[in-house]
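Derivation of every value follows stated rules applied to the coordinates shown; laboratory data play no part. Keep in mind that what you see is a predicted model, and the values were worked out from it rather than measured. Neighbour counts run over all protein chains shown; Cβ positions are idealised from the backbone, glycine included.
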């Protein structure tokens, strides 16, 4: 892959022509049998999912007709979707346009028994999963896939930001919303795609990218990968999808990822680009002094700039994006300037509110490693504040498998409140509460004040009170805990 990978398509010289060209290309890939001359119509089932919203953004950019359904009653989410001209269908009886619907796209959490899917089958409407839709769009393109246990959304977002700064109109799919505009996807004029490739149920094996960025591999998704070796085998298969001239960007600080990269390099399966914050052998390295970051290639400083996001993990994601971009575009002053303009993602160390005596931060962290870097960053940024953590574990299988790791790292807070486990694709059971109670007890046994809460209500109550001392309240989890902040806005 060379810089020509990011060459502009001569068929879209203007924004107006480019939009029509991109919309037509999207139609040819997503609904190839649909006749031209009519605006395509798509229905989304499970539309409130984080990944699905990126696809809604892209299809909305194309100007298509879109409807959606979901069990979620979060009005903030629905209001965001309405801004994309999506029409909400509360019940299958509201679906009056089945005769003109070209495609139904469903999320991984939606079963075949869903009423909308049943009606679609009765009306012979084509149905595909969210991941299959992304694969149809991205596989024929010059695609870049970002994968790994942690940092996928942030790195995908940063990479998309830098690609745009380089003057390339890429189509992007990110699993989280931008703070700046609330978007998580965008339809681009150029035939370049950037996709967040999730390992859950080996979904990323449906993608055929020309370049892969591997951020690191740790035990996770225990309902899919009972052991770390199971996960490694899935990642190995994904890396094998790279073409002979493909490029693999790898976190050299992760031993597992490093070993996989060396294996693929020996097998002549693409070129490896390495990055690291601690290993000087890596091609790309970085360090931070205050708010300024310094990026080095083979020991030579190539750019520097103010980076507004705190934490070592944010610096590592930034470096991953720069190293990935370097294979396809020059790392020049345009990229350096764009670093300071990046505003971050919602639910990624997002400062929800701030006053003299209280700071409220919301974060998606739901794995021990993510909790560690989030709480450490909180300590560094607000050393004089009492750190109060409200944690909603995500999935019983993950929580029970990593129970002691969670307990050890939650001790980094001064006060911990544990909520019932958010089931997320698991069957509701009493284990949601008993597992959370056990976690709260383990944290308390370590000497940290800890308590189990049965609902979100005590958090709302605390946020309505005035603190007597400086306190930093941080809400953690990948479930619906962020809804308390939506309710207050």
Residues 124, 445 arranged by fewest to most Cβ contacts within 10 Å: 124, 445
Label-point gap, in nm, between residue 292 and residue 386 - each point 7 angstrom along Cα→Cβ: 3.9 nm
Cα centroid separation, segment 93-149 to segment 258-324 (Å): 36 Å
Ranking of 198, 224 by count of other Cβ atoms within 10 Å, fewest first: 224, 198
Distance (nanometres) between label positions extended 7 Å along Cα→Cβ at residue 113 and residue 85: 3.7 nm
Stretchable slack from residue 279 to residue 403, in nm (0.36 nm times residue separation minus alpha-carbon distance): 41.6 nm
Hypothetical label at residue 259: residues of segment 193-226 whose amide nitrogen lies under 14 Å (7 Å Cα-Cβ projection): 217-219
Residue exposure sequence - 77, 399, 427 - by fewest surrounding Cβ within 10 Å: 427, 77, 399
Length released on extending from residue 312 to residue 469, taking residue separation times 0.36 nm less the Cα-Cα span: 53.7 nm
Label-point separation, residue 78 to residue 351 (7 Å along Cα→Cβ), nm: 3.3 nm
Relative contact order computed over the chain (Cα-Cα under 8 Å; 6+ residues apart), in percent: 12 percent
